Structures are given as structure tokens and as C-alpha cells.
Amino acid sequence: MKGWVFFVLLTVVLLSCQQRPAEQGAQKEQRPAEVATQQVAQAKDAEALAQQKGCMACHAKNEKKVGPSYAAVAQKYAGRADAVDYLAGKIKNGGVGVWGQVPMPAQNVTDQEARDLAKWVLSTK
Ligand code: HEC
């Protein structure tokens, strides 16, 4: 079972690397069960990535630490259409003044990692 999830994940990663925009429509035709499995796998992966990148030193899902809880961030931007882009930019470049005067330093993540992390943060509400 674990191996299968990993295989699906690997396929998704490979596909998303190679995919040209015109091909993205085709992917939407996946059956809902497959999509749900991938989302669960991606959420677990993003959480592991957050651990690995040291995000959890300053953030927790449900409590304020040095930075805001991810649940609070998710709630704040729940209605914002460009929330993934906005938060991915913040994760990559850092920021200050939204939640207080403590700055978040720029994080050592790729654009893709920043987007995956942003999507995961938004899913924690
Ligand atoms: C050194 C501590 C620290 C680390 C490490 C850190 N953050 Fe933050 N983070 C903060 C602080 C402080 C804020 C609040 C900044 C502000 O008020 O604008 C913040 C804010 C955020 C926000 C909300 C931004 C906004 O504009 O509302 C997100 C999302 C976030 N962090 C994600 C992450 C992710 C993902 C990582 C790991 C790649 C990470 N953070 C690593 C301290 C940290």
C-alpha cells in the first residue's frame, strides 16, 4: 500500500514537471477517488516538507509560536482568490508586519515547494 502511494506520488511529480499547460486539462478527467488519494498523499508530503524545511520551529498547525498558527493563516486568507500565489511568495521571500513585528526570514524553498507548502497551509483551517 505504501509503495503504491509512493508510486502515485512519483507519477504526479514527474507529470507535473513535464506537463505543458495544454495538457493540464486532460488531468482533470481523473476519477474523484484517484484525485482524493493524491490529495491525501500530497498533504502528507507537504507536512513532511514543512518539518524538513524547519517551518515547524516557528509555526504549529493550531497554536501561535514565533509565527502565526497555520490554521489562523488559512482562516485569514480563506476567501482570497490568489491566496496560494500570495502565500507562496511570502514563504519564499519572507515578510513582516502582517501578524506582528517579528519578521519571517526568506525560506530556502523552490517555487514548487513554496506552492505546495502554501496549499497545505491553506488546507489546515
Ligand atoms: C524564524 C521563524 C520562522 C520560520 C523558520 C518560518 N516562519 Fe513563517 N512566519 C514567521 C513569522 C514571524 C511570520 C509572521 C510575519 C508577518 O507578521 O508578516 C510568519 C508568517 C508566515 C505565513 C503567513 C504570511 C502572511 O503574509 O500572512 C506563512 C504562510 C508562513 N509563515 C509559512 C511558513 C513556511 C511554509 C515556513 C517553512 C518553509 C516558514 N513559514 C518558516 C516565522 C517563521
If you take the residues in segment 34-70 that are within 13 Å of the chain's Cα centre (by Cα) and among the aliphatic types (A, V, I, L, M), which one is nearest to the ligand (Cβ to nearest atom)?
-> 50
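Can we say residue 121 is surrounded by 16 or more Cβ atoms within 10 Å (Cβ to Cβ), in a loop (DSSP other than H, G, I, E, B) and near the ligand (Cβ under 8 Å from one of its atoms)?
On the way: surrounded by 16 or more Cβ atoms within 10 Å (Cβ to Cβ): yes; in a loop (DSSP other than H, G, I, E, B): no; near the ligand (Cβ under 8 Å from one of its atoms): yes.
Considered against the rule, which asks whether it is surrounded by 16 or more Cβ atoms within 10 Å (Cβ to Cβ), in a loop (DSSP other than H, G, I, E, B) and near the ligand (Cβ under 8 Å from one of its atoms), residue 121 comes out as no.
Go through the residues of segment 96-112 one by one and say whether even a single one is within 12 Å of the ligand (Cβ to nearest atom), assigned to a helix (DSSP H, G or I) and in contact (Cβ under 8 Å) with a residue 24 or more places away in the chain. If you could, list the steps in order and put the result at the bottom.
To start, the set of residues in segment 96-112 that are within 12 Å of the ligand (Cβ to nearest atom) comprises 96-110.
Filter again for assigned to a helix (DSSP H, G or I), leaving none.
Looking for residues that are within 12 Å of the ligand (Cβ to nearest atom), assigned to a helix (DSSP H, G or I) and in contact (Cβ under 8 Å) with a residue 24 or more places away in the chain, one finds none in segment 96-112, hence no.
Looking at 90, 65, which is the one that is in contact with a Cys (Cβ under 9 Å, 6 or more places away or on another chain) and either in contact (Cβ under 8 Å) with a residue 24 or more places away in the chain or charged (D, E, K, R) (or both)?
Values: 90 fails: in contact with a Cys (Cβ under 9 Å, 6 or more places away or on another chain).
Of 90, 65, the one residue that is in contact with a Cys (Cβ under 9 Å, 6 or more places away or on another chain) and either in contact (Cβ under 8 Å) with a residue 24 or more places away in the chain or charged (D, E, K, R) (or both) is 65.
Every number in this text was worked out from the coordinates using simple rules, so none of it is lab data. Values in this document were obtained by computation on a predicted structure and should not be read as measured data. All Cβ positions, even for glycine, are placed from backbone atoms using ideal geometry, and neighbour counts span all protein chains on display.
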